[in-house]
Amino acid sequence: MSEAILRLYEQSDSIHNLYVSVSNKEIFNTQQKNVSKLINIRSMTKSIVSLLIGIAFKEKHIKSLETPINYYLSDAPGHIVIRDLLTMSSGFDIDDKNLYGLILSSRDWVTSILDLPLSGYGNFRYKGVDYHLLSAIISKSTGLKMSSYAQANLFSELGINDVEWESDPQGGNCWEYRLKDII
């Protein structure tokens, strides 16, 4: 089994690091020697944003996951709570395939997201806009850019230092970032 995994790793340009363990026993651990660029970890970033919401909650920057998002984003609908964003059930009506069109045409991403029509509140629908709003809430609740908050409260603890966040026109961090030195 490990030979097949190692062969896949060696043949793929998109697998940068590989760690395999079985029952907490390391089978093998290898890294590409020539990885010199940051890697866009795409949707995995949403898990990092979720962790940061949890840390902000633990540190009492966020009162509750049931807090309406308009507590932090004044123009937001009053019925949408932080938990709705975490579970992608806010009801903002946009598909991720249309997200980049919205972003490219917008000078204020948060306002543009909040101006989207609502449809299907309470139903899961995969979309990055919910996580951009979460990043704005992290910034508003902590007083720090999300990148600074992440570095101070998560990445430095993990020994991750080479990180690049995308930003919106207002300088707020997006829900996507690139990593170089993943542990």
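Computed from the coordinates by the stated procedures, all read-outs in this text should not be read as laboratory data. Every value quoted in this text rests on a predicted model; they were computed, and no experiment measured them. Note: ideal-geometry Cβ built from the backbone for every residue, glycine included; neighbour counts use all protein chains shown.
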Subject >> Cβ charges +1 (Lys, Arg) and -1 (Asp, Glu), total dipole of region 39-179, debye >> reply: 260
Original post:
aspartates and glutamates within cross-link reach of K25: Cα-Cα under 17 Å, excluding same-chain residues under 8 positions apart?
Top reply: E3
**OP:** Can you tell me what the convex hull of the Cα atoms of region 62-175 projects to on average, as an area in nm²?
**Re:** 7.2
Original post:
Gaussian network model of the chain, Cα springs within a sub-10 Å range: biggest mean-square fluctuation belongs to which of R83, R125, R107?
Top reply: R107
**OP:** May I ask you to list, by number, the DSSP H helices of the chain whose Cα span along the axis is at least 15 Å and whose average Kyte-Doolittle hydropathy reaches 1.0 or more?
**Re:** 44-58
Subject >> Distance between modelled label sites at Y100 and F28, nm, 7 Å Cα→Cβ extension >> reply: 3.4
**OP:** For the chain, calculate the relative contact order in percent as a whole number, restricting contacts to Cα pairs under 8 Å that are 6 or more residues apart.
**Re:** 23
Subject >> Options L73, S139, L118, ranked by Cα towards positive dipole end of the chain, top entry (Cβ charges) >> reply: S139
